[in-house]
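Notes follow once the structure below has been shown.
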Amino acid sequence: MDLFDDLISFGSYNPADALQLAVAEFCFLHIIQKELTSFQHDWNGHRIRRTSTSGCPGGIPNELFDLPHLHRFSNLLRTVDDQQIQVLFAEAEEPPTTSSPEVNHLCVELCAINGWELPFDRESACTLFLRIVSKL
């Protein structure tokens, strides 16, 4: 993202600083994930043209995966026991917002004390990052 280059060039972000890196994770990771999920949705719904030079079939990725029989492919999915899935879900943990639980706690506390909302886009994430870093 050019945003990080801009923050670095303005002297507002030093990715070599572990504290600033953890604050950046807190502010930007879920925004980046949201953008990746949006890209995934767009990519999996677009039409791929068939080419003679590629071994890949043409079609829409979601349809190629979910409905392989429409394109004369084999369904290679395997049945998994629902109980095994439930065990995995029960054991799964929410991924941390930062690589540092201490910095995550500090960021949450600063947001609560100052009435700062969690960011919803790049700009609000950048604003929150600058606010938090200014308090450190």
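Some notes on this structure:
- Take every pair of alpha-carbon atoms less than 8 Å apart whose residues are at least six positions apart; their mean separation over the length of the chain yields a relative contact order of 32 percent.
- Dipole of the chain [Lys/Arg +1, Asp/Glu -1 at C-beta], most positive-end residue of GLN83, SER100, PRO119: GLN83
- Recomputing Kirkwood radius over Cα pairs in Å from the coordinates shown identifies the correct label among [x] 16.8; [y] 18.7; [z] 15.3 as [y].
- Sites HIS105 and HIS41 - FRET efficiency at Förster radius 35 Å, r taken between beta-carbons, to 0.05: 0.60
- Its DSSP H runs of at least 4 residues, each contributing -39,500 (n - 2.57), put the calculated 222 nm mean residue ellipticity of the chain at -19000 deg cm²/dmol, to the nearest 500.
- Dipole magnitude of the chain, debye to nearest 20 (Cβ charges: Lys/Arg +1, Asp/Glu -1, about Cα centre): 680 debye
- Rounded to 0.05, the FRET efficiency of the ASP121 and ALA18 pair, given R0 = 25 Å and the Cβ-Cβ distance, is 0.45.
- Spin-label zone in region 16-56 - amide nitrogen under 11 Å from a point set 7 Å from the Cα of LEU67 along the C-beta vector: none
- Length added when fully stretched, CYS56-LEU130, from 0.36 nm per residue minus Cα-Cα: 22.1 nm
- For the chain, built as a Gaussian network whose Cα springs stay under 10 Å, the top-fluctuating residue of GLY11, GLY55, GLY45: GLY55
Since every read-out is calculated from the coordinates, none of them should be taken as a lab result. Just so we're clear, the structure is a prediction, and the values are computed from it rather than from any experiment. Ideal geometry is used to build each Cβ from the backbone, glycine not excepted, and the neighbour counts take in all protein chains shown.
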